[in-house]
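Here is the structure we will look at.
Read the figures in this text as sums done on the coordinates, not as results from a lab. Since the structure is predicted, the reported quantities are computational estimates derived from the model, not experimental observations. Reconstructed Cβ throughout: ideal geometry from the backbone, glycine too, with neighbour counts over all protein chains shown.
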Amino acid sequence: MFCPPCCDDASCPTVSLVIGLLTTFLLFFLLDANNPAGVIPSSPSVIYFLYLTRHHLESKHSDWIFLDNTAFGLDNPASPGIHGLWLLDNMAWWILPLDCIAGTRDYNPKQMAIREKVFNTIISCFKRHGAENIDTPVFELKETLTGKYGEDSKLIYDLKDQGGELLSLRYDLTVPFARYLAMNKVTNIKRYHIAKVYRRDNPAMTRGRYREFYQCDFDIAGQYDPMIPDAECLKIVHEILSELELGDFRIKVNDRRILDGMFAVCGVPDDKFRTICSTVDKLDKVSWEDVRSEMVKEKGLSEEAADQIGQYVSLQGGMDLAERLLQDAKMSQSKQACAGLTDMKQLFSYLQLFQVTDKVVFDLSLARGLDYYTGVIYEAILTQTGPVPVAAAQNGAGEKAEEGVSVGSVAGGGRYDGLVGMFDPKGRKVPCVGVSIGIERVFSIMEQKAEASAEKVRTTETQVMVASAQKNLLEERLRLTAELWNAGIKAEVMYKKNPKLLSQLQHCEDSGIPLVAILGEQELKDGVVKLRTVHSREEIDVSRDKLVEEIKRRTSDV
């Protein structure tokens with residue numbers, strides 16, 4: 001039976017009506033004297049059925065597209081009958097929903113302009129730190145990604161090609177980078193990579209959480225003295241978040257060795273380290289009581305061990321906390337923890353030199369559940385909230401509206417010294433450390449700020465509009481436009497033979513185009529162009545051979 005894609009409830013009025021219409025259709029079939037038993041119904045009965053169904057659905061679902069009846073040969077009443085079974089089987093694609101898939105969205109020109117500004121800021125920072133750019137395929141062999149993400153592996157999108165080979169869409173940019181290093185035998189590189197990744201997550205689009213989204217990664221691979229590359233990654237996060245002016249933020253740091261040492265001295269069995277780590281990683285989303293309950297009731301950890309963990313994960317500080325934990329009776333018993341704490345002290349000494357300690361905090365609750373981390377881990381948190389961005393609500397694909405935007409983590413990363421060795425045939429390791437910027441979450445805040453300030457965002461970079469004040473000057477406008485394009489000037493011209501000057505000037509106002517080059521009969525005779533500044537309405541005559549130079553001078557800061 002045909003069921004509209006919006007309806008999953010048998011009591012829905014649309015479903016009830018369609019059932020009734022199907023019954024009517026069958027009656028037409030049985031009573032149609034023109035058709036012997038077993039023969040397809042004639043066109044009039046089919047047309048009447050489709051007409052009633054379509055009329056109802058069009059009135060209820062204005063966001064659906066209805067294919068024209070000619071697709072079914074229904075525009076000709078004399079056409080042969082249509083096979084009823086074929087009709088019912090194909091009704092499902094007669095109606096096309098006009099929604100993005102949940103967890104994805106479209107971006108209009110204004111949103112793309114904001115996004116491009118964010119990308120440029122991030123790329124500029126990466127290049128300032130000497131990074132090279134690479135790219136990798138959007139999908140990998142399934143076995144490449146399997147076993148690298150712990151409990152988050154269930155969020156990987158799996159594919160199967162025509163030959164039966166199992167593939168997966170990339171979950172992040174880190175594992176493909178490690179595969180790239182091993183495959184190309186690269187042992188030393190500072191790279192950045194900006195590309196889309198995919199996760200089968202529950203989307204919360206007003207919080208900047210999507211199923212398809214960009215990541216902006218910066219990584220340093222190679223054997224170096226401890227904590228220097230790690231400190232530079234934190235410096236990069238500090239620079240980017242400061243330049244984007246997103247509001248107040250904190251960068252939390254911890255070390256996987258400190259976590260593992262803490263679990264060991266608290267009595268966590270070795271085989272439960274990773275699963276307990278994943279639970280602790282939820283502390284930024286749920287309360288300690290909920291985390292403790294999950295560790296005890298679902299993960300089988302003793303209450304005593306859970307309570308000891310609770311005493312440590314509440315601690316925050318800086319170099320002083322690392323020094324204090326080195327003297328702690330329990331933590332000092334773990335060689336792993338002591339090594340991590342010693343490196344943490346070194347890290348903070350470098351961060352002081354980089355002048356970023358004002359935003360960095362040593363936080364023992366930071367866990368980051370990905371399996372491949374081996375040393376320092378960090379996460380940047382935005383501390384502000386605000387109203388839901390309009391575009392996010394419009395693109396929510398049916399999700400409930402939320403009261404505010406709380407994007408939380410906007411960057412994260414750490415050291416993963418063993419990941420490359422998983423792909424190398426001889427198990428050769430390449431020490432790596434990196435950071436990933438969650439661009440969608442950053443963009444949610446940038447979009448919110450633009451809407452709140454009613455800031456006018458330019459969606460083009462046009463420097464000058466070539467206009468005319470009189471009729472029959474299309475050829476002259478096109479000729480001048482070509483001259484400007486050839487000189488590297490970003491120019492536009494209206495696609496009308498005789499546009500009104502007021503319409504041309506209004507287009508410049510609406511689009512934010514700063515200059516108008518106006519041609520007229522007198523200007524052509526004098527060999528000049530009237531150059532108008534849009535915001536001040538000031539006009540000057542510029543000789544044709546000096547026009548390019550004058551436009552560049554006036555738009556050098558645009």
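Packing here is the average count of other Cβ atoms within 10 Å per residue, and on that basis the peptides 250-256, 509-515, 357-363, 499-505, highest first, run 250-256, 357-363, 509-515, 499-505. Protection proxy ranking, highest mean first, for peptides 297-304, 278-285, 157-164, 442-449: 442-449, 278-285, 297-304, 157-164, where packing is the per-residue count of other beta-carbon atoms within 10 Å, averaged.
Ranked by Cβ crowding within 10 angstrom, fewest neighbours first, how are M183, M319 ordered?
M183, M319
Take the alpha carbon gyration tensor of segment 95-194, find the square roots of its eigenvalues, order them as a ≥ b ≥ c, and report rounded if a/c is under 1.5; if not, report prolate when a/b exceeds b/c, else oblate. In terms of gyration-tensor shape, oblate. A P(r) calculated from all alpha carbon pairs of segment 234-292, with 10 Å bins opening at zero, reads 18, 36, 26, 17, 2 percent. Taking the centroid of alpha carbons for each part, segment 242-319 and segment 458-513 are 61 Å apart. Qualifying GluC sites (Glu not before Pro) in segment 130-165, where qualification requires a DSSP coil assignment and no more than 12 other C-beta atoms within 10 Å, comprise E165.
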